[in-house]
Amino acid sequence: MLEIKDLHAGSEGNEILKGISLSVKKGEIHAIMGPNGSGKSTLAKVLSGHPAYKITSGEILFEGKDLQGVSAEDRALNGIFMGYQYPVEVPGVNNAEFLRMAYNARLVKQGKEELDPMDFDDLLQSKMDMLGMEVKYKERNLNDGFSGGEKKKNETLQMALLEPKLAILDETDSGLDIDALRVVADGVNKLYTKDKALILITHYQRLLDYIKPDYVHVLSKGCIIKSGEKGLALELEAQGYDWLTKV
Amino acid sequence: MTTTTTETANRPELAIRDLFNKSQSGNKTSPALKKFNQAALEKLEALKFPDRKHEMYTFVGTRELVATEFALAASGTIAKEQVDALIYSNSKNSCLVFVDGAFCEELSDISALGAGVRLTPLSEAIEQAEVSDYLLATVKDENDVFSAMNGALVSDGLVLEITENTTVDVPLQILYISSESKTPVLHCPRILIFARRSSELNVAVKFSGGATSCFVNAVQDILVEENAHITYSQFQDDSAWHFSKLRTTQKRASRFISSNAMSGAHLARCHYEMWLTEPGAELQLNSLSVLHKEEQAHNYVQIHHQAEHCTSTQLFRNLVDDKGRSSIDGTVVVHPGAQLTSSEQLINNLMLSDDCRADNKPNLKIYADDVKCTHGATVGQLNEDQVFYLKTRGLSEATARTLLTRSFAESMIQTAPSPQVAEDWRNVLLKKLGANE
Ligand SMILES: Nc1ncnc2c1ncn2[C@@H]1O[C@H](COP(=O)(O)OP(=O)(O)OP(=O)(O)O)[C@@H](O)[C@H]1O
Ligand SMILES: [Mg+2]
């Protein structure tokens, strides 16, 4: 589904990603861990098409097609979803209305008819029930004044509605208390089916107790310095990253 | 009479004197109105039309306007259907319609207003000492030449009295509509509202009409007596030149809440002159302008805190695209003795193009020591992080920008005093930005 080949990318002349290769197939869950500032969020942003980051060499193929030059909205419409580490607050834009616009944009792209507000509300309610979210999330403005945990829940809600083929969740677990983490993880597990793929960026083993990764990668200074199976996450949690970076 | 002022007057002032003479030749006018017109003309000639350095017109280029030779409008006709379409659904039986500056009884409907609202033509009301004293006092203190010009040329207007303890429970709409004219014409509509003690009124003023050669120069005077509450809105959606002056005087514990929207024009300008004269008066000014192409909308605000414990809050939002221009020139004067004044002014400008312009000139003059006065201004473009966030959810670049632009205006639209007014603003203002899908 996703093929990253020797990716070098950066911002304003600073190279942040220094040769990343990663292959994610349908049905796989990959976890990316690594110290602060190692480039995890940058990778997520490059994948979602952020204009501040330029690819200097290498390529990203999504379903066999090069993503270079594909706009952020087209990536989203084609099934790539990024859950933000720091979701953006958008005052003045009603959350439910925004969610309906996003949902309908996807339907239109698929050549289907838009959902009217009533039908959409039913759908939205069902997803919110699944994530244990109160009605206030509909009434409030998009992430405006949301707590850290509320923002992460709202990101998960968006993912639940948009049902992306590939979701990249950047520290969606940070800021969630243990109950919220369980609910969010359950939600993600329900959405995750064998024709989809997940990349989880996290610092904590805790999340990986609920969502079981097939592979764990360690990113350090813009390079993947180690890849392994889920046991690697446990080792990292016990020993930190030092034993890897000192090699 | 006063020949000295004429001698020093320039050509534009002479042109107004010419119009004045023509308007006075009609014999309908009452002696008291004639006296008022004359006083206002003298004021105009003393004030003179602004030159480029005029401090009240720092941001407003009036040269073209002053150079244009206007004729006084003869009242044209407007089809009833056209008016009906502009009357808000909740004001069908509580609307006053002015056509080309003159009150039109046939198109108005006051059946729902009740006995607590008294309407009198200005020419008749001005024979009462209270009305003429009030108006002559405004002339004496007038500082705006265009408002003086209205006074010199107004041939009739309307005086509204909301009697003591009356709550008008339907919103009153005042519609100023201009008919088409190929040549430059001038309208000088005027209303004067006395909101008596403990009365309550919701009034929505709308200036409408697409006449491209028309100069609407309006004055609204409102006296808000003790404990009276006025909810006021004004929507400028009219001709090439639009000037209006809103002057309020607020007594003890009165409240005046105003929400204005400007759609811009060749040159549109609102002048607010607000007097808080007794303790506990509360004033709120909200204003939104949405400008594109070469439209201009300017606000000139003077708030006078003359008594203690009064509050004033101002919130201005301007959305400027293309070669649009907006300006807010706002002064709050806290007069001696006006202790415990609370005054706030916030201006947010959203600039959508490289060629647009938005000027702010906030000014505080404080002559009391125990006061809380703040002002702030922001000027910015759309937040690119927000644009990107929306795009990563599948919204197109254009949709994302439109949504964010709309949300900037929407928060002000929600201050409109009724859903009908809000919808009207939305339809006109957001449509201009292609933002009303
Ligand atoms: N737009 C940018 N311009 C310049 N430097 C940047 C930019 N974005 C990120 N960086 C730098 O790139 C490095 C990687 O940042 P990134 O946010 O990807 O780290 P991270 O692995 O997600 O860290 P964390 O665990 O703290 O979230 C950091 O040193 C950061 O300061
Ligand atoms: Mg990060």
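The values are calculated or read from the model by the stated rules, or taken from the named source; none is laboratory data. All figures in this text were calculated on a predicted structure; none of them were measured in a lab. Reconstructed Cβ throughout: ideal geometry from the backbone, glycine too, with neighbour counts over all protein chains shown. Calculation scope for accessible area: heavy atoms of the full protein, side chains included, ligands and nucleic acids excluded. Shrake-Rupley method; radii C 1.70, N 1.55, O 1.52, S 1.80 Å.
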query = Among the residues of region A:1-17, which ones are more than 16 Å from ligand 2 (Cβ to nearest atom), modelled with pLDDT of 95 or more and crowded, with 16+ Cβ neighbours inside 10 Å?
reply = A:L2, A:E3, A:I4, A:L7, A:H8
remark   = Checked against (1) over 18 Å from B:T402 (Cα atoms); (2) free of Cβ contacts under 8 Å to residues at least 24 places away in the same chain, B:D329 satisfies every condition except (2)
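Among strands (runs of 3 or more DSSP E) lying entirely in region B:139-242, which contain 1 or more residues that are modelled with pLDDT of 95 or more and either open to solvent by 10 Å² or more (accessible area, probe 1.4 Å) or of a type outside the set (S, T, N, Q) (or both)? Even if it seems obvious, please write down each step before you answer.
Numbers: elements: B:158-162, B:172-177, B:185-187, B:190-195, B:200-208, B:214-224, B:229-237.
Because the criterion is at least 1 residues that are modelled with pLDDT of 95 or more and either open to solvent by 10 Å² or more (accessible area, probe 1.4 Å) or of a type outside the set (S, T, N, Q) (or both), the strands (runs of 3 or more DSSP E) in region B:139-242 that meet it are B:158-162, B:172-177, B:190-195, B:200-208, B:214-224, B:229-237.
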note = Exactly one of A:D121, A:D173, A:D144 is at pLDDT below 95 and more than 28 Å from A:I32 (Cα to Cα), and that one is A:D144
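If I go through region B:362-407 residue by residue, how many of them are of a type in the set (A, V, I, L, M, F, W, C) and farther than 25 Å from A:N141 by Cβ?
Taking region B:362-407 as the starting set, the residues that turn out to be of a type in the set (A, V, I, L, M, F, W, C) are B:364, B:366, B:368, B:371, B:373, B:377, B:379, B:382, B:387-388, B:390, B:395, B:398, B:400, B:403-404.
Checking which are farther than 25 Å from A:N141 by Cβ leaves us with B:364, B:366, B:368, B:371, B:373.
Residues that pass the stated criteria total 5.
Which helices (runs of 4 or more DSSP H) does region B:23-84 wholly contain that include 2 or more residues that are open to solvent by less than 50 Å² (accessible area, probe 1.4 Å) and in contact with a Ser or Thr (Cβ under 8 Å, 6 or more places away or on another chain)? Outline the logic, then answer.
Numbers: elements: B:31-47, B:63-67, B:80-84.
Qualifying helices (runs of 4 or more DSSP H): B:31-47.
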query = Could you say whether any residue in region A:111-125 is part of a loop (DSSP other than H, G, I, E, B), touching a Gly at 6+ places or on another chain (Cβ under 9 Å) and buried (at least 16 other Cβ atoms within 10 Å of the Cβ)?
reply = no
message = Being within 14 Å of chain A (Cβ to nearest Cβ) and more than 29 Å from B:S312 (Cα to Cα) is true for just one of B:T378, B:T402. Which residue is that?
response = B:T402
ask   = Only one of (1) out of contact with any helix residue (DSSP H, G or I) (no Cβ under 8 Å at 6 or more places or on another chain); (2) outside any helix (DSSP H, G or I) is not met by A:G132, so which one is it?
value = (1)
Counted residues, region A:168-191 - those being within 16 Å of ligand 2 (Cβ to nearest atom) and either surrounded by fewer than 19 Cβ atoms within 10 Å (Cβ to Cβ) or closer than 13 Å to A:A76 by Cα (or both) = 3
Residue check for B:A338: part of a strand (DSSP E or B), open to solvent by less than 60 Å² (accessible area, probe 1.4 Å), farther than 24 Å from B:Y232 by Cα and of a type in the set (G, A, S) = no
key: region A:211-225 - residue that is within 11 Å of ligand 1 (Cβ to nearest atom) and out of contact with any Phe, Trp or Tyr (no Cβ under 9 Å at 6 or more places or on another chain) and, of those, farthest from the other protein chains (Cβ to nearest Cβ)   = A:K221
task = Output the residues belonging to region B:92-106 that are open to solvent by 10 Å² or more (accessible area, probe 1.4 Å) and modelled with pLDDT under 95.
result = B:D100, B:G101, B:A102, B:F103, B:C104, B:E105, B:E106
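In this structure, does B:E127 turn out to be touching a residue at least 24 places away in the same chain (Cβ under 8 Å) and farther than 26 Å from B:D18 by Cβ? Please lay out each step first, then the result.
Details: touching a residue at least 24 places away in the same chain (Cβ under 8 Å): yes; farther than 26 Å from B:D18 by Cβ: yes.
The answer is yes for B:E127.
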remark   = Checked region A:18-29 for anything within 15 Å of ligand 1 (Cβ to nearest atom) and crowded, with 21+ Cβ neighbours inside 10 Å; matches are A:I20
ask   = Does at least one position in region B:342-352 carry a residue that is within 17 Å of B:L288 (Cβ to Cβ), buried (at least 19 other Cβ atoms within 10 Å of the Cβ), within 14 Å of chain A (Cβ to nearest Cβ) and over 20 Å from the mean Cα position of the chain (by Cα)?
value = yes
request  = Kindly check whether there is at least one residue in region B:308-319 that is touching a Pro at 6+ places or on another chain (Cβ under 6 Å), outside any strand (DSSP E or B) and at pLDDT 95 or above.
outcome  = yes
task = Could you figure out which of (1) closer than 22 Å to A:K165 by Cβ; (2) within 16 Å of ligand 2 (Cβ to nearest atom); (3) part of a loop (DSSP other than H, G, I, E, B) isn't true of A:G27?
result = (2)
inquiry  = Please pick out the residue among B:G280, B:G324 that is in contact (Cβ under 8 Å) with a residue 12 or more places away in the chain, open to solvent by less than 50 Å² (accessible area, probe 1.4 Å), small (G, A, S) and on the phi < 0 side of the Ramachandran plot.
reply    = B:G324
message = I need every pair where a residue in region A:98-113 that is more than 9 Å from chain B (Cβ to nearest Cβ) has its Cβ under 7 Å from the Cβ of a residue that is in a helix (DSSP H, G or I), sequence separation at least 6 or different chains.
response = A:R100/A:P117; A:R100/A:F120; A:E113/A:L107
key: Of all residues in region A:35-58 being under 19 Å from A:S174 (Cβ atoms) and not in a helix (DSSP H, G or I), the one that is farthest from ligand 2 (Cβ to nearest atom)   = A:P35
ask   = Restricting to region A:31-56, what's the tally of residues that are open to solvent by 10 Å² or more (accessible area, probe 1.4 Å), within 8 Å of ligand 1 (Cβ to nearest atom), small (G, A, S) and within 14 Å of another protein chain (Cβ to nearest Cβ)?
value = 2
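Take the residues of region A:198-226 that are of a type outside the set (D, E, K, R) and over 16 Å from A:L43 (Cα atoms): which is most open to solvent (accessible area, probe 1.4 Å)?
Residue satisfying both the conditions and the ranking: A:Y204.
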Test set (1) more than 14 Å from chain A (Cβ to nearest Cβ); (2) open to solvent by 10 Å² or more (accessible area, probe 1.4 Å) - B:W425 fails condition number = (2)
task = Would you point out which residue out of A:Y84, A:Y103 is over 19 Å from A:K138 (Cα atoms), surrounded by 20 or more Cβ atoms within 10 Å (Cβ to Cβ) and of a type in the set (S, T, Y)?
result = A:Y84
request  = Take region A:64-98 and flag every residue that is within 16 Å of ligand 1 (Cβ to nearest atom) and either in a helix (DSSP H, G or I) or over 19 Å from the mean Cα position of the chain (by Cα) (or both).
outcome  = A:A72
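Out of everything in region A:154-204 that is within 14 Å of chain B (Cβ to nearest Cβ) and within 16 Å of ligand 1 (Cβ to nearest atom), what residue ends up being farthest from A:V216 (Cα to Cα)?
So the first thing to find is which residues in region A:154-204 are within 14 Å of chain B (Cβ to nearest Cβ), and the list is A:154-170.
Checking the rest, the ones that are also within 16 Å of ligand 1 (Cβ to nearest atom) come to A:155, A:168-170.
Details: A:E155: 23, A:I168: 14, A:L169: 14, A:D170: 14 Å.
Per the stated criteria, the residue is A:E155.
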